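Submitted below is the structure of interest, expressed as structure tokens.
Throughout, read-outs are computed from the coordinates displayed, never taken from laboratory work. Everything numeric in this text was worked out from a predicted model, so none of it was measured. Cβ: placed from backbone, ideal geometry, glycine included. Neighbour counts: every protein chain shown.
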């Protein structure tokens, strides 16, 4: 086949360092989400939806066929940190992240989940949400190393 095609959709999740609510201000949060979307587009990984709450982000995006997951997330964090530091001088992302593949039949569910983060976090903390996502995707983890 002479043409290279890819249809890989990812749900990416990462938190601020120590889950400090650097994104509590709605304007800063909206700017951060928009900036993350711009980075993803530049890397040929078009975003579908970006959301999150005061201490974390969720991105649903199409993985470009020439970009690795690790390179994508490294650049998302690096560039957005540079963007956010003038607004929040102590800003930092946690060192880790999670990436989940999204089946086309779950796109609407995942999109709605990310778009409604404010509603989810009226009841659940990021840690509870993150543990639930890991369990839903049958991932094992060590509590000593997952939070920073």
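Given a cut-off of under 8 Å on Cα pairs at least six residues apart, what relative contact order in percent is computed for the chain?
About 32 percent, as a whole number.
Now for a separate question. How big is the shadow of the Cα convex hull of region 88-144, averaged over all directions, in nm²?
That works out to 5.6 nm².
Another one. How big is region 72-112 along each principal axis, measuring the range of its Cα positions in Å and listing the largest first?
On the principal axes, region 72-112 reaches 41, 19, 14 Å in Cα extent.
Here is a follow-up. Pick from 67, 54, 16: which is most flexible by mean-square fluctuation in a GNM of the chain where alpha carbon atoms under 10 Å apart are linked?
67
Still on this model: Using the count of nearby Cβ atoms within 10 Å as a rough guide to exposure, how do 120, 33, 137, 58 rank from fewest to most?
Placing the least packed residue first, the sequence is 137, 120, 33, 58.
Rounded to a whole number of µm²/s, how large is the Stokes-Einstein D of region 1-60 at 25 °C and 0.890 mPa s, given Rh as the Kirkwood radius over C-alpha pairs?
The calculation lands on 195 µm²/s.
Find how much the distance from residue 137 to residue 8 grows on full extension, using 0.36 nm per residue of separation minus their present alpha carbon separation; answer in nm with one decimal.
Fully extending the segment from residue 137 to residue 8 adds 44.8 nm.
Could you list 82, 20 so that the one with the fewest beta carbons within 10 Å of its beta carbon is first and the one with the most is last?
Fewest to most other Cβ atoms nearby, the residues stand as 82, 20.
Working from the alpha-carbon coordinates of the chain, get Rg over Rh, Rh being the Kirkwood radius.
In the chain, Rg relative to Rh is 0.95.
Ranked by Cβ crowding within 10 angstrom, fewest neighbours first, how are 77, 122 ordered?
Fewest-to-most Cβ neighbours within 10 Å comes out as 122, 77.
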